[in-house]
Amino acid sequence: MGREIPSKFESTEREQIWYDYWMMHCYFRSVPDQRTPYTIVIPPPNVTGVLHMGHMLNNTLQDILIRKARMQGYNACWVPGTDHASIATEAKVVAKLKAEGIDKKDLSREEFLKHAWDWTHQYGGVILEQLKRLGCSCDWERTKFTLDEDMSAAVIKTFVDLHEQGLIYKGYRMVNWDPEAQTTLSDEEVIYEEKPGQLYHIKYPVVDSEDVVVIATTRPETLLGDTAVCIHPEDERYTHLQGKEVMVPIVNRKVPIITDTYVEREFGTGCLKVTPAHDPNDKLLGEKHQLEFIDIFNPDGTLNAQGLHYEGQDRFEVRKTIAKELEESGLLVKKENYNHKVGTSERTKAVIEPRISEQWFLKMETLAQPALKAVLASEEIELLPAKFKNTYRHWMENIRDWNISRQLWWGHRIPAYYYGPGVDDYVVAQTPEQALEKAQQLTGNHALKLTDLQQDKDVLDTWFSSWLWPISVFDGVVRPDNEEINYYYPTQDLVTGPDILFFWVARMIMSGYALRETPPFKKVYLTGLVRDKQGRKMSKQLGNSPDALGLIDTYGADAVRVGLMLSTAAGNDLLFDESLCQQGKNFTNKIWNAYRLIQGWEIDAQSPQPEATRLALTWYSHAFSQALETANDHFSKYRISDALMTAYRLVWDDFCSWLLEIVKPPYGQAIDAQTYASLIGLFENNLKLLHPFMPFVTEELWQAIAKRSPEEALLISHWPEVQAIDQALLDNFSLVQQLVGQLRNFRKENQIGFKDPLTLTVTNSADALPFAPVIKTLGFLADIQYQSVGKDAQGGRRKKAADAEEKIALLKQGLEQL
C-alpha cells in the first residue's frame, strides 16, 4: 500500500515541492552521451518581459514534447534563455531615467549602459522563474542571454565574417525611422494599420501663369520638402504644363513639373507632389530625375530648420497648423476624411517616418536560396501546419536586404572602426587591437594608435543575435567543431508563433546554411495566437489578457496546461476562456479521486478474482494500447491537443466511468489482491501517458502509490509501449457499452430502480454473450438466459413486447427481453 493522499490536491504547495525535487536530482540536465539527442531551443523572451498567455501556450507545448522525449529514452535537452531586446529594453530604461529626472542625452554611453545593466540585473530573468511555475523542464544550467560574453563573441564574429565575404555593406537608403525609439527598423518590424486620416487638396501656383495645379496629400507638412510636381506624360489635362514650374506653398520654392508614367492618372487629381527625402517612391523619382533631397525632420519627429517657422514643432501638430495656414492663404481647396494604411513601429507603436539615412545592410538574396529550397523543395525542414509554406515562399521570394543597424546604445555595438574622416575610412574587426592592426596595414601608417580609432556608434538589430540562437547556444560560431555543437545540432523541433516566421525562423534557417551548411532544426511547429472568446487578440489595451500567474495560483499549473491544450491546434488561433482552466482542474480532480477510490479499498489476499473483473482488466489493457497508439500518432503529426484529448477520454470515460465501475467491490467488501495489483499497474500507465501534459499531479500520485527511489521518478520513467491490440475484443466491448446504456435507459423510462434485479433473455441464440459477467455486473442483472425460438414464437414475443403494460408487468417479475 502506498502513502495515503489527502482529499484534495493542493497544487500551489505540491507543485513547488516536486519542482524542487526535480531540480535537486538534476533530471533536466543534459550532457552529450551515447544516447540519441532530442534538442529544443526556447524562443528567447525579452529579458525584462513577464509571462503572458502566448508564452504559456508556446512553452507548455515545448515542455510536453521535451518530457515525452525524455521518457522515450532520448537525451532531452531544452535550452532556455532571454533576448536583450534592444528597442524594448532601452525604451524602458529611458522611461525609468526620465521618471528620475534624468535625460538620456545628458549621459555618456557608458553611464547609460550601467543603468541598462542595473535594470537588466534587477528585472531580467523574472520570466524564466515564472516558466518554472508552469512546470517547464529546461536545462537551467544552460540558460543563455544574448548579451553574454560568449554569445556576443558569436555575433561579432558573424558580422566580421559576413563583411569579409562582401555580404555586409554600408549604404544610404530610405529607411523606416521610429521617432520615439529614434532608430531605424527593418521592414518586418513595421506594422501597417488602417487608420482614419484626411486627404488635403492643395493649390500649387504655376510660375508666370494664372494656372494652379491641385495636389491631394495625406501629409501636408511634407510639402516643405517638396522638390517637384509630377504628372503622367499622357495626361491630356496637364499637357500644357509640361516643362513649367510651380511654386511650393509657404516655402515659396520654385520646383519643376516633371513627367513620369509612375503617376496614376485616376488617383486624386492626377498630380503628385514629390518629396524625395520622405517617401520611398518619391525617392526613386528623385534619383531618376536628379531632384534635390530636402530632409525636414529631426530624429524625434519634430521639424528642423528646413521647416522654417515650424522648426521644433511636432510633425502632427504642424499638420494641423499648416492646414490652417494654407486655408487662410486660400490655397487649401478642401479636406476630406480618408482611411489609409499607416506604418507603425511594432515595438513603440509610433508612426513610422520614411527617412534617408546611412545604414548597415546584409545582402539577403544569396542567403535566402538554400533556406527557400530547404522548406519548399528538399523539405529538409517541415513547417507545421503546411499552410504556412505559402507565406514563407512569398517572403523569401520577395526578400530585400536587411537593415541591421540601429541607432541605440543597448545591444551589440557594430565592430567597425573609423581611422579617418571619410565615410569609407574604416575597418571591421573582432577586437580594437585587430582593428588597429588592419588599419595600420591598410593605410601604411604604423603610427596609428588605438585612441585614433573611433568605433561605430550604432548597435546591431536584436534579430542579428537571435538568428544565430540554435548555433550560438552551443558555442558553434566561435568553436564550430566543439563536442556540444556536433552532438546537439541540428536541433529537432522549434515551437514558435507564425508572427515571427520571417523575423526569426527564416533567418535562423539562413544562418544555419550560411554558417554550417545544415538546417538548424527539422520541424517547425507554428502555434496560433491566443485570443479571447470573442476572437479578439489579447492585449493590455483591451484588458482581455488574464494574469498568467494568477491562473496558475487559482487553478494550478496542470489545470492551466490542460486548459490551453484543450482548445488549440497547430496554426489555429486559440479562443481562450477561463472556463477551460476549470475544466482542466476538474480533470485533475477526476484523476486524484480515482486514486483515492482505489486506495480506499480493503485488500483481501485470499479472495479470488471475479470473472467480470478479469474480463474488464483485459479489455482496458487493449483500450489503453489503442489509445496509446492513437496518441503516439497524434504526437508524430504534432496534433498535441488531439493527443491530450485521447488520453483525457481514456482516463475519464474508459478508466473512471467503466473500468472502476466494473471492478469496484460491493459496499463493505474487500477487493482481491490480484485485481488491485493489476489496477494499480494500469493506473501507473495512465500517469505515464498523462505526465507530459500534467507533470505535477501525475508525479504526486506516482510517488504516493509506492515509495520510489530518485531513479524511479515518473519524470524519467519509460514511456509505455503499444502492445498487441485485439480489435474484435474492443468492438465487442463497445457493443456491451451500448447494451448497458440501453438497459439503464429502459430502467429510467419505466421507473425501475437501478439496483432492482432483472433477467435478460437472449432469444434465438444459444451462444453466450461476450463479456456476459460484465453485462450482469453493470446491468444489475439477476441472470442472463438464452433461448432458441422459431419464427412463430418470435412473432408472439414481438407482439407481447409491443404491449407496454404487459412489458412492465413482466419486468416486475424479473423477466425481460431486449
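A few points about this structure:
- Any chance Leu650 is more than 22 Å from Ala724 (Cα to Cα), open to solvent by less than 20 Å² (accessible area, probe 1.4 Å) and at pLDDT 95 or above: no
- Selection from region 725-757 of residues that are among the polar types (S, T, N, Q), part of a loop (DSSP other than H, G, I, E, B) and open to solvent by less than 80 Å² (accessible area, probe 1.4 Å): Asn750
- Only listed residue being within 30 Å of Ser717 (Cα to Cα), modelled with pLDDT under 95 and either in a helix (DSSP H, G or I) or not small (Gly, Ala, Ser) (or both), chosen from Glu141, Glu90, Glu129: Glu129
- For region 245-283, the set of residues classified as within 27 Å of Asn304 (Cβ to Cβ), in a loop (DSSP other than H, G, I, E, B) and open to solvent by less than 50 Å² (accessible area, probe 1.4 Å) consists of Pro249, Ile250, Val251, Thr275, Pro276, Ala277, His278, Asp279, listed by residue number.
- Index of the failed condition, Gly301 passing every other in (1) at negative phi; (2) open to solvent by less than 10 Å² (accessible area, probe 1.4 Å): (1)
- Residue in region 576-595 that is open to solvent by 30 Å² or more (accessible area, probe 1.4 Å), over 28 Å from Asp187 (Cα atoms) and not in a helix (DSSP H, G or I) present: yes
- Residue within region 189-205 that is in contact with a Gly (Cβ under 7 Å, 6 or more places away or on another chain), more than 25 Å from Asn304 (Cα to Cα) and at pLDDT 90 or above present: no
- Contact map, region 326-345: first residue over 13 Å from Ile202 (Cβ atoms), second residue aromatic (Phe, Trp, Tyr), Cβ cut-off under 8 Å, separation 6 or more or different chains; pairs are Lys341/Tyr192; Val342/Tyr192; Gly343/Tyr192; Thr344/Tyr192.
- When we screen Arg14, Arg109, Arg35, Arg67 for residues that are under 26 Å from the mean Cα position of the chain (by Cα) and basic (Lys, Arg), the only hit is Arg67.
- Among the residues examined, His240 does not qualify as more than 22 Å from Glu327 (Cβ to Cβ) and within 51 Å of the chain's Cα centre (by Cα).
- For region 64-81, filtering for residues that are in a loop (DSSP other than H, G, I, E, B) and open to solvent by 10 Å² or more (accessible area, probe 1.4 Å) leaves 3.
- Scanning region 82-128 for residues that are of a type in the set (Phe, Trp, Tyr), open to solvent by 20 Å² or more (accessible area, probe 1.4 Å) and in contact with a helix residue (DSSP H, G or I) (Cβ under 9 Å, 6 or more places away or on another chain) yields a count of 2.
- Look at region 697-712: where a residue is surrounded by 17 or more Cβ atoms within 10 Å (Cβ to Cβ) and a partner is at pLDDT 95 or above and of a type in the set (Val, Ile, Thr), sitting 6+ places away or on another chain with Cβ atoms under 8 Å, you get Val697/Thr588; Val697/Ile591; Thr698/Ile591; Leu701/Ile591; Ile705/Ile680.
- Of all residues in region 299-325, those satisfying the criterion of being touching a residue at least 12 places away in the same chain (Cβ under 8 Å) and polar (S, T, N, Q) are Thr302, Gln306.
- In region 468-519, the residue that is most open to solvent (accessible area, probe 1.4 Å) out of those that are polar (S, T, N, Q) and touching a strand residue (DSSP E or B) at 6+ places or on another chain (Cβ under 7 Å) is Gln492.
The values are calculated or read from the model by the stated rules, or taken from the named source; none is laboratory data. The shown structure was predicted, so the numbers you read here are calculated from the model rather than taken from an experiment. Positions of Cβ are generated from backbone atoms using ideal geometry, with glycine treated the same way; all protein chains shown enter the neighbour counts. All accessible areas refer to the heavy atoms of the entire protein, side chains included, with ligands and DNA or RNA removed. Shrake-Rupley method; radii C 1.70, N 1.55, O 1.52, S 1.80 Å.
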